[in-house]
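Bear in mind these aren't lab numbers, they're just calculated from the coordinates by the rules spelled out. Computed from a predicted structure; not experimentally measured. A quick note on method: Cβ atoms are made from the backbone with ideal geometry, for glycine too, and the neighbour counts reach across all protein chains shown.
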Amino acid sequence: MTPFTPRAICAACVMVSALALGSQAEAHPHVWVSVETEVLYDAQKNITGFRHKWTFDEFYSSFAAQGLDKNNDGRFDRAELQELAEVNVSSLAEFGFFTFPQVSGQEVERQKPRDYWLEHKDGMLTLNFTLPLKEPVTPEKAKDFNFSVYDPTIYVSFAFAKEQPVRLSGAPAGCQPEIGRPEAQAPAQGLSESLFSSMDRLTNFGSQYAQTVKVKCQTG
């Protein structure tokens with residue numbers, strides 16, 4: 001059972017190549033994820049966390065779901081996918097939950113994910129989970145709040161979905177999400193495996209390819 005964390009993907013990429021990807025497995029990234037995110041607010045209009053919906057590419061979905069159809073009915077129900085969901089979610093902490101919120105340039109701590117499950121539709125796996133912040137971001141600090149979703153090592157490529165990529169749940173009136181462009185554009189052919197010979201050296205390499213989300217609110 002293979003989670004989508006960088007080390008697990010690195011170990012499995014040769015197998016994935018044999019199954020579907022061919023030479024693509026020799027270059028980064030190895031897995032592609034379409035991201036839909038809700039920014040969550042409480043009754044006091046504090047930002048309290050995120051509700052993520054991450055849909056994986058068909059090759060990883062097929063590879064990860066192998067052998068999980070226990071009743072052989074040709075479908076994957078939530079119970080059959082629960083163990084894989086737990087493996088994925090339990091692995092997120094090591095990589096910052098692939099979610100990096102900041103206030104005034106300082107990283108905001110997150111708690112463990114909750115309310116998580118996997119679903120399988122049209123050949124794609126989708127991981128749903130809630131990621132709470134350790135401390136809410138108050139309305140006074142929210143103007144300096146932003147977040148990105150990315151893999152620091154870019155084994156996994158995260159990109160916001162084309163439709164409804166970011167939504168606000170319970171936000172003050174007049175607030176809207178704004179998705180910025182990344183600092184750099186990833187090469188069309190991917191990045192060489194040799195570039196990633198040292199994970200420690202490139203621990204936050206992926207930040208330059210990340211889309212940063214800010215919440216813009218009307219004032220006055």
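How much FRET efficiency would the formula 1/(1 + (r/R0)^6) give for residue 181 and residue 121, where r is the Cβ-Cβ distance and R0 is 35 Å, rounded to 0.05?
My answer for the efficiency is 0.70.
May I ask you to list the aspartates and glutamates whose Cα is less than 15 Å away from that of residue 45, ignoring any residue fewer than eight positions away on the same chain?
By straight Cα distance, residue 45 reaches 135, 140, 144.
Picking from 125, 111, 79, whose Cα lies most toward the positive end of the charge dipole for region 35-184 (charges on Cβ: Lys, Arg +1; Asp, Glu -1)?
Result: 111.
Do any of 53/214; 70/112; 53/141; 53/143 go past 23 Å between their Cα atoms, and which?
Going by Cα-Cα distance, 70/112; 53/141; 53/143 fall outside the 23 Å limit.
If you plug each phi of region 152-157 into the Karplus form 6.51 cos²θ - 1.76 cosθ + 1.60 with θ = phi - 60°, what whole-Hz ³J(HN,Hα) values come out, in order, with x for Gly and Pro?
Listing the rounded values in order: x, 9, 6, 5, 10, 9 Hz.
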